[in-house]
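For reference, the structure is listed below as structure tokens.
What follows draws every value from the coordinates through simple rules; no lab data is involved. These figures come from a predicted structure and were not determined experimentally. Heads up, the Cβs are rebuilt from the backbone with ideal geometry, glycines too, and the neighbour counts pull from every protein chain shown.
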Amino acid sequence: MRSFSQHQKKLGKTIGLVPTMGYLHSGHISLIERAKKDCDTVVVSIYVNPTQFGPEEDYKRYPRDLERDKKLAKAAGADVLFTPSNKEIYPDGYSTYVRVEKLSEKLCGVSRPTHFRGVTTVVAKLFNIIKPDKSYFGWKDAQQLIIIKKMVEDLNLNVKVVGLPTLREKDGLAISSRNKYLSKEEREIAPILYQALQKAKKIVSSGERNVEKVLRELKKIIEEKKIKIDYLKAVNLSDFADVKRIEKNTLIAVAAWVGQTRLIDNMLIRN
Ligand code: PAF
């Protein structure tokens, strides 16, 4: 992978990287297509990164289908698939981690305390190996996107991090590999997270800025469907601190358990 990248650079070609954990869906495809538009060579990495899963989480059962991914990635414009093994990424005695402080402790970091350390470590390693000019991430994982941008800034990494909009099913459910875990009944109620966020948008555009009032309404909508909220927050996009009033760049973010599946979604108030 390293020598391929070096060769591309020598030829004066730009490299776009789409890091994934595989089981590609239309969200990933939109990232690959955009990378293809922006860059000469597109690398898609597929690696189910063990360090970003907690001990009780779904690392073992995370969906995997490399043959299907190969076809989808190629059709979307990928030039290279990088599929390292655990031994290559974390050889025996591995002991160096990248942790973006503060931001990694908020929102998902509360119930997943080691998650972002795993993400930033593997993404830093992918950046070092592949040396992309640009790398693409979805806004569905807004916290991940902001944390990676912060890591790049803090460590002076020479890569532009591009965030692209969340892709959704027709009924609004944010597309995620984990949607596969949902039973038929759970799948039917899961779009309530999106519907609640849409409701928030409506309330905010009618002039309401009080976070407590807006979130109370959202909580009611979500909990009516027997969904267990992990967190539902309105935060400042720059530091994920709770805000009292909804303003420009307030992120309304939710994580909730639909049965045994933890789903996340968010909405950014742009103006
Ligand atoms: O968003 C993901 O799929 C993963 O967190 C990533 C960025 C590929 C790191 O393993």
Starting from the Cα-Cα distance between residue 185 and residue 38, subtract it from 0.36 nm times their residue separation and give me the gain in nm to one decimal. 48.9 nm
Likely footprinting exposure, 42, 214, 98, fewest C-beta neighbours within 10 Å first: 98, 214, 42
To test your reading of the geometry: what angle, between 0 and 90 degrees and rounded to tens, separates the Cα axis of helix 26-38 from the longest principal axis of the chain? 50
Summed residue charge, Cβ within 13 Å of residue 263's Cβ, Lys/Arg positive, Asp/Glu negative: +2
Report the extension gain between residue 97 and residue 6 in nm, rounded to one decimal, defined as 0.36 nm multiplied by the number of residues separating them, less their alpha carbon distance. 30.3 nm
Projected label distance in nm at residue 110 and residue 67, using a 7 Å step from Cα toward the beta-carbon: 4.4
Which whole-number percent is the relative contact order of the stretch 127-169 (Cα, under 8 Å, 6+ apart)? 53
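List 265, 239, 141 from most exposed to least, where exposure is judged by having the fewest other Cβ atoms within 10 Å.
Working: 265 24, 239 11, 141 20.
Arranged by neighbour count, lowest to highest, 265, 239, 141 become 239, 141, 265.
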Starting from the Cα gyration tensor of the stretch 1-96, take the square roots of the eigenvalues, sort them a ≥ b ≥ c, and report rounded, prolate or oblate (rounded when a/c is under 1.5, otherwise prolate if a/b is larger than b/c, else oblate). oblate
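Work through the residues other than residue 9 whose Cβ is under 13 Å from its Cβ and net out their charges, Lys, Arg +1 and Asp, Glu -1. Could the numbers behind the result be given before it?
On the way: positive: 2, 10, 13, 131; negative: 40, 133.
Local charge sum for residue 9: +2.
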Assuming R0 = 25 Å, what is the FRET efficiency of residue 57 and residue 170, from their Cβ-Cβ distance, to the nearest 0.05? 0.30
Once both label points are put 7 Å beyond Cα along the C-beta direction, the residue 81-residue 155 separation in nm becomes 2.6
Nearest 10 degrees, 0 to 90: what angle lies between the long axis of helix 66-76 and the longest principal axis of the chain (Cα atoms)? 90
Using all alpha carbons of the stretch 201-271, what is the percent of pairwise distances in each 10 Å bin, ordered from the shortest bin to the longest? 20, 52, 25, 2
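Among the GluC sites (Glu not before Pro) in the stretch 1-98, which ones are in a DSSP loop with at most 16 other Cβ atoms within 10 Å of the Cβ? Mind listing them? Could you put the intermediate results ahead of the total?
Values: sites: 33, 56, 57, 67, 88; in loops: 56, 57.
For GluC sites (Glu not before Pro) across the stretch 1-98 that sit outside H, G, I, E and B with at most 16 neighbouring Cβ atoms in 10 Å, the list reads 56, 57.
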